[in-house]
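Note sheet for the following structure.
The values are calculated or read from the model by the stated rules, or taken from the named source; none is laboratory data. Since we're looking at a predicted model, the values are computed, not measured. Note: ideal-geometry Cβ built from the backbone for every residue, glycine included; neighbour counts use all protein chains shown. Ligands, DNA and RNA are excluded from the accessible area calculation, which covers all protein heavy atoms including side chains. Shrake-Rupley method; radii C 1.70, N 1.55, O 1.52, S 1.80 Å.
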Amino acid sequence: MAARAYWQGQIRLALVSIPVEIYSATKSGAAVSFRQIHEPSGKPVHYEKIVTGIGPIDPDEIMKGYEIERGQYVLLDQDEIDAVKLESKKTLELTQFVDADEIDVLYYEKPYFVVPADDLAEEAFIVLREALRRSRKVGLGQLALRGREYIVSLKPCGRGMVLETLRYADEVHKAQGYFRDIPDAEPDAELLDLATALIERKTAKFSPQAFHDRYVDALKGLIERKRKAKGKVIEEAEEAAPKRGSNVVDLMAALKKSVEGTRAAAEPKAKPPARRAPRKSPAKPAAKKRA
């Protein structure tokens, strides 16, 4: 496998240990990054560590500080912080199993692919994978990675498995604080039927290739045009701002129109009738010549 393993160790279920390797399942997108440039000279801008009233300082004089009160800090050096970091244990012990739909989507953080480390681990790996698939359960445990301990979940994914790091409870906001002011009212039945019909007509299989970052595409287009113009300023034509109140429409009419539009797009267009060839008139008999 060309990629480098993010973690190597073993998954333990009771007395069974399975040597595995995990690999990052995601990668950073093609984001456009910028640097700050000094316009008169065209050179990059650098930053210095500066203390108010003193000026630039040596990086070796910097320590980590935890503010206990305003303006008062407990100072720690890097060796003290490193001593507290958890040792990256090479064992993930599955201590609990839950239904897959019990874990709120807000808790999932980052996915990793899990594969058997060698041929000898494949049989036990497949047994665990299929047991999770048959029971429709997700395995839970805790794993120390890069000096921090994570809650992790383990579930089947094709021929392999996926391990996902989870957020702790104190890292997730309570939804009630944001949804409290939304009224708990039953929607109009006809509106609900129209919205449901619109959803059903637009339902399709998920295809991630159908989506792309339009903002990044627009930035790249702007950069390319500036490059071709040799750095000249290019002014984009601004769209006219919509007039206030112009987008106020009747919800019922909008939903009906949307449903009719999707219905028309889904129905096959009728073929125009085939044109018939014009009928030929029978040939007239040739006139007899007079003697």
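Computed quantities for the displayed model
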{"read-out": "Subset of region 78-103 that is modelled with pLDDT of 85 or more and of a type in the set (Asp, Glu) - its residue that is least open to solvent (accessible area, probe 1.4 Å)", "value": "99"}
{"read-out": "Unique residue being under 30 Å from residue 16 (Cβ atoms) and of a type in the set (S, T, N, Q) when the list is 95, 52", "value": "95"}
{"read-out": "Residues (closer than 21 Å to residue 74 by Cβ, open to solvent by 80 Å² or more (accessible area, probe 1.4 Å) and not in a loop (DSSP other than H, G, I, E, B)) located in region 44-64", "value": "59, 60, 61, 64"}
{"read-out": "Within region 199-232, considering residues that are under 26 Å from residue 257 (Cβ atoms) and part of a helix (DSSP H, G or I), the one most open to solvent (accessible area, probe 1.4 Å)", "value": "214"}
{"read-out": "Complete set of residues in region 108-123 that are in a helix (DSSP H, G or I) and open to solvent by 70 Å² or more (accessible area, probe 1.4 Å)", "value": "119, 120, 122, 123"}
{"read-out": "Test set (1) under 30 Å from residue 29 (Cβ atoms); (2) modelled with pLDDT of 85 or more; (3) assigned to a helix (DSSP H, G or I) - residue 196 fails condition number", "value": "(1)"}
{"read-out": "Every pair of residues 6+ apart whose Cβ atoms lie under 6 Å, when the first sits in region 12-35 and is under 17 Å from residue 141 (Cβ atoms) while the second is part of a loop (DSSP other than H, G, I, E, B) and open to solvent by 50 Å² or more (accessible area, probe 1.4 Å)", "value": "22/6"}
{"read-out": "Residue that is farthest from the chain's Cα centre (by Cα), among those in region 16-40 that are of a type in the set (Gly, Ala, Ser) and open to solvent by less than 90 Å² (accessible area, probe 1.4 Å)", "value": "17"}
{"read-out": "Unique residue being open to solvent by less than 100 Å² (accessible area, probe 1.4 Å) and either among the hydrophobic types (A, V, I, L, M, F, W, C) or over 14 Å from residue 108 (Cβ atoms) (or both) when the list is 159, 148", "value": "148"}
{"read-out": "Any hit, region 188-201, residues being basic (Lys, Arg) and either in contact (Cβ under 8 Å) with a residue 24 or more places away in the chain or in contact with a helix residue (DSSP H, G or I) (Cβ under 9 Å, 6 or more places away or on another chain) (or both)", "value": "yes"}
{"read-out": "Pair list, Cβ < 8 Å and 6+ apart or interchain, from region 157-186 residues that are part of a helix (DSSP H, G or I) to residues that are surrounded by 10 or more Cβ atoms within 10 Å (Cβ to Cβ)", "value": "none"}
